[in-house]
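What follows draws every value from the coordinates through simple rules; no lab data is involved. The model shown is predicted, which means the values in this text are computed figures rather than measured ones. Don't worry about glycine lacking a Cβ; one is built from the backbone with ideal geometry, like all the others, and counts go over all protein chains shown.
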Amino acid sequence: MEVKVTAENFESLKNGKLPVLIDFWAEWCGPCKMISPIISQVAEEYEGKLTVAKCDVEECEDIAAEMGIRNIPTLLFFKDGQIIDRLVGAVNKTKIQEKIDDILQ
């Protein structure tokens with residue numbers, strides 16, 4: 001299950017013990033809606049190995065700006081509190097899984 005990113009939990013999420021995937025999205029974004037079911041599937045499949053979170057850029061403008069989000073959807077991958085990779089645009093599940101598997105090795 002995905003965690004909702006808020007200003008209050010962002011730092012603890014990205015600095016958590018598990019690697020983190022954060023999906024930066026917006027309600028009005030068509031490509032964001034396309035990958036949303038994939039993000040949900042990934043959250044279930046990697047439960048206990050990876051934290052999956054969703055950050056609405058409309059609700060968390062400061063976080064999106066801090067992370068340099070220019071286009072959505074953007075997927076940021078964190079490990080030990082640092083961004084270690086990113087995917088921009090409506091990418092397929094295989095591409096997301098490849099990134100996750102690389103991070104979990």
Handout entry: Spin-label model distance (nm) - S36 vs V88, 7 Å beyond Cα toward Cβ
Key = 2.3
Fill in the blank from the handout: Connecting every pair of Cα atoms under 10 Å apart in the chain and solving the GNM, the largest mean-square fluctuation among A26, A65, A90 falls on A65
Fill in the blank from the handout: Summing -39500 (n - 2.57) over every DSSP H run of at least 4 in the chain, dividing by its residue total and rounding to the nearest 500, the 222 nm mean residue ellipticity is -11000 deg cm²/dmol
Handout entry: Candidate lysines for bridging to K17, where Cα separation is under 19 Å - those fewer than 8 sequence places away on the same chain excluded
Key = K4, K49, K54, K79, K99
Problem - Read-out P(r) over Cα pairs in 5 Å bins from 0, in percent, derived from the coordinates shown; its label in (1) 2, 13, 20, 19, 16, 11, 7, 5, 4, 2, 1; (2) 2, 13, 28, 28, 20, 8, 1, 0; (3) 2, 12, 23, 24, 19, 11, 6, 2, 0, 0 - result: (2)
Practice task
Would you work out the charge dipole size for the chain about its Cα centre, treating the Cβ of every Lys and Arg as +1 and the Cβ of every Asp and Glu as -1, and quote it to the nearest 20 debye?
Solution key: 340
Problem - the range 66-105: relative contact order in percent, alpha carbon pairs under 8 Å with at least 6 residues between - result: 30
Practice task
Measure off 7 Å from each Cα along the Cα-to-Cβ vector at D101 and K49, then give the distance between these two points in nanometres to one decimal.
Solution key: 1.0
Fill in the blank from the handout: Rounded to the nearest 5, the percent of DSSP beta bridges in the chain running antiparallel is 60
Practice task
Quickly work out the W28-to-T6 label distance, labels modelled 7 Å from Cα along the C-beta direction, and quote it in nm with one decimal.
Solution key: 2.5
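Count neighbours as other Cβ atoms within 10 Å of each site's Cβ, and list the GluC sites (Glu not before Pro) in the range 6-89 that are DSSP loop with at most 13 such neighbours. Mind showing how you got there, number by number?
Numbers: sites: E8, E11, E27, E44, E45, E47, E58, E59, E61, E66; in loops: E8, E27, E47, E58, E59.
Passing both the DSSP loop test and the Cβ count: E8, E27, E47, E58.
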